[in-house]
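Just so you know, all these numbers are worked out from the coordinates, no wet-lab data involved. Since we're looking at a predicted model, the values are computed, not measured. Neighbour counts run over all protein chains shown; Cβ positions are idealised from the backbone, glycine included.
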Amino acid sequence: MRQTLQTRIGAATRREKAEIVVKNAMIVDVFTLTTYKADIAVTDGMIVGIGEYDGQTEVDANGLYVAPTFIDGHVHIESAMVPPEEFTKIVVPRGVTTVMADPHEIANVGGIKAVTYMIEAAKNLPLDIKIMVPSCVPATEFEHNGAELTTEDIESLFDQHQAYGLAEVMDYPAVFSGDEKMLSKLEAAWKRGKKIDGHAAGLDEVGLNAYRVAGISNDHEAVTAEEALARLRLGMYVLMREGTAAKDVEALLPILTPQNARRCVFATDDKHLDDLVNEGSIDASVRKAIQLGVDPLQAIQMASLNAAECFGLSEKGAVAPGYEASFLMIRDLDKLEIEAVYIKGECVAENGEMTRTVRDAIKPPSYLLNSVHLEPLTANSLELKLDSSKAHVIGVTPGSIVTDHLIEEVDVTNGFFVPSIKNNQLKLVVAERHHKLGHVGVGIVKGIPLKEGAIVATVAHDSHNIVACGTDDKSIKFAIEQVAKQEGGIAVVRGQELLAELPLPLAGLMSLKPFEEVNGALQKLEAALRDIGFDGDWNPFLTLSFLALPVIPSLKLTDTGLFDVKRFSHINVADD
């Protein structure tokens, strides 16, 4: 360490030439929100000087802006449907070089072994993946998932596998009641000085107070400006989420001021691969903020320095001495046109393409490739018996994972619900797929405009059972059986016809194919959606996947029935 420090100081003081010097850079100073022209000296992957320097190797920036690389404050890599190696190839050329990753999805399928797989798959990549240990597996006791993460598991992941922190604490009733299991998990993080992430969906002032007392310092679930401001006032960092299903940046930006902006960070949470390829990751959030009137330097600060400070990454987030030499070369700040990405002084991407080779993917353990264990469906499995024509209906809003709790008149024939294309009231099904328990939850959803057929996925947050939505039982049953047959995936069907599919054999969540092939399959799925009448400009599959999540308001469906998140209990579909 002393020799390394001597080498760096020698380069900083110009007694020795720096290993690399970037000449003629227009530095984006995220401390003062100004720009200025200077050279950047780099040795041992660290910035050792700003000013006038000569280097063993010199790179002429030609006046390009040089800004710190971006940090994703909260992401589930599994939502991109590829493992960490392929995910790296997508986001690094976009300027994202660090992510706070919560492998909550795969943990719900495979437990601690699945998390250790993700930790191993995250190693030795250009992307710095900080693994946050899932805190709530299962998310609630009201559904059936594939595995459990105990306090002992969490301690092992901290101590034996160097996990970075405790991921989103979504079981807020357990926090409020002082549940012993939850307190032991929080304590495991406290004792080790680990960061703890929040998941404060719909919480009032009392709930937020309890979260802060529990040591939870950030939250990505604010969906209104008022909610964001409430979190800021209590000392939390607000992670402004912009994913595929949840797009909250525009709603939250009105609270941004010069006085509070330093407590605001960007996160994607869940973003599908096609959106990552077409729009980007945190770079898309920065662009959107700029388009909505945020100063480009402020937006870059939120994506870099703010995120680094939020998560205690003391050597990341700025172009300054003592910071990691990870930076972007940008042609146009207003458009955020990224010409090159450097990590620890090495150019790893140019003009949207990787220039550094990413190592081969680690082979997943066999049990994660055999994760669909579905009890065969019968002719009656999908029936929804109603004693009344008035029913509780899940209302979908495009661009949000929060649903409405609707009470509507529905069509009933011989005592059973019949989907109505005219009223956009379709059947929603969640089938348990981990232990062949035979549980099938059936409900009604409004807001997914299909004219025929069904859509299905084994991606169903957070327990990742099979979720399907359709206009008739025949299509829904066929769709569920198709994804079970291929060990997980996504599909669009019409009757007994498979129109398009994307196999996801890795835990039913991820593909083993290159991301370009996965993106091609997603395009075919999009075309098939049009064939069955879907005419929205949003992604129904990610929306579908959140309809089974009983910790996000207001009404959801689990494998054991309809769930009222506000009551935190199951209710009958029929309105009694």
(request) Rank the residues GLU375, GLU168 as a footprinting-exposure proxy: fewest other Cβ atoms within 10 Å of their Cβ go first. (result) GLU375, GLU168
(request) Would you mind telling me the antiparallel percentage of the DSSP bridges in the stretch 69-317, rounded to 5? (result) 5 percent
(request) Taking the dipole about the Cα centre of the stretch 324-453, with the C-beta of Lys and Arg at +1 and of Asp and Glu at -1, give me whichever of GLN425, ASN351, THR413 is farthest to the positive side. (result) THR413
(request) Relative to the longest principal axis of the C-alpha atoms of the chain, give the angle of the C-alpha long axis of helix 473-485, reported between 0 and 90° and rounded to the nearest 10°. (result) 50 degrees
(request) Would you kindly work out the equivalent ellipsoid of the stretch 222-337 from its C-alpha gyration tensor and give its semi-axes, the square roots of five times the eigenvalues, largest first in whole Å? (result) 21, 19, 14
(request) Note the angle between two axes, namely the Cα long axis of helix 515-531 and the longest principal axis of the Cα atoms of the chain, as a number of degrees from 0 to 90, rounded to the nearest 10. (result) 40 degrees
(request) Collect residues whose amide H, placed 1.01 Å from N in the peptide plane, falls under 5 Å from the amide H of GLU58; neighbours closer than 5 in sequence don't count. (result) VAL21
(message) Under 5 Å between amide hydrogens, which residues at least 5 positions from LEU557 or on another chain qualify, with H placed 1.01 Å from N in the peptide plane?
(response) ALA548, LEU549, PHE563
(request) Give me the compactness ratio for the stretch 388-543, meaning the Cα radius of gyration over 2.2 N^0.38 Å. (result) 1.01
(message) Given axes a ≥ b ≥ c from the Cα gyration tensor, I'd like to know whether the stretch 107-157 is rounded (a/c under 1.5), prolate (a/b larger than b/c) or oblate.
(response) prolate
(message) Starting from the Kirkwood Rh over alpha-carbon pairs, what translational D in µm² s⁻¹ does the stretch 381-476 have by Stokes-Einstein at 4 °C and 1.567 mPa s?
(response) 94 µm²/s
(message) Explain nothing, just compute: Karplus ³J(HN,Hα) = 6.51 cos²θ - 1.76 cosθ + 1.60, θ = phi - 60°, for every residue of the stretch 320-330 in order, whole Hz, x for Gly and Pro.
(response) 7, x, x, 9, 4, 7, 10, 8, 10, 9, 10
(message) For the stretch 347-399, take the convex hull of the Cα atoms, compute a quarter of its surface area, and give me that in nm², please.
(response) 9.8 nm²
(request) Determine the percent antiparallel among the DSSP beta bridges restricted to the chain, to the nearest 5. (result) 70 percent
(message) I need the Debye-formula profile for the stretch 156-267: one equal scatterer per C-alpha, no solvent, reported as log10 I(q)/I(0) at q = 0.15, 0.21 1/Å, two decimals.
(response) -0.65, -1.11
(request) With a ≥ b ≥ c taken as the square roots of the eigenvalues of the C-alpha gyration tensor of the stretch 69-317, please select rounded if a/c is under 1.5 and otherwise prolate if a/b is larger than b/c or oblate if it is not? (result) oblate
(request) Quick one: what are the phi-derived ³J(HN,Hα) couplings along the stretch 110-125, Karplus 6.51/-1.76/1.60 with θ = phi - 60°, whole Hz, x for glycine and proline? (result) x, x, 4, 5, 5, 5, 5, 4, 5, 4, 5, 5, 8, 7, 6, 10
(message) For a quick check: sort GLU52, GLU86 by the number of other beta carbons within 10 angstrom, fewest at the front.
(response) GLU52, GLU86
(request) Would you mind checking the radius of gyration and Dmax of the stretch 508-576 based on alpha-carbon positions, in Å? (result) 16.3, 51
(request) Give me the angle, in degrees from 0 to 90, between the Cα long axis of helix 180-191 and the longest principal axis of the Cα atoms of the chain, rounded to the nearest 10. (result) 10 degrees
(request) Take the stretch 2-63, drop everything but the C-alpha atoms, weight them equally and run the Debye formula without solvent; then report log10 I(q)/I(0) at 0.13, 0.14, 0.15 Å⁻¹ to two decimals. (result) -0.33, -0.37, -0.43
(message) Strictly over 25 Å apart at the Cα level, which of LYS23/LYS344; LYS130/LYS191; LYS247/LYS556; LYS113/LYS524; LYS130/LYS524; LYS446/LYS477 would you flag in this model?
(response) LYS113/LYS524; LYS130/LYS524
(request) Treating the Cα atoms of the stretch 463-553 as identical point scatterers in vacuum, please give the log10 of the normalised Debye intensity I(q)/I(0) at q = 0.11, 0.16, 0.18, 0.23 Å⁻¹, two decimals. (result) -0.30, -0.66, -0.84, -1.35
(request) Quantify how much of the Cα-Cα distance distribution of the stretch 124-184 extends past 14 Å, in percent. (result) 61 percent
(request) Return the tail of the calculated pair distribution for the chain, meaning the percent of Cα-Cα pairs more than 29 Å apart. (result) 54 percent
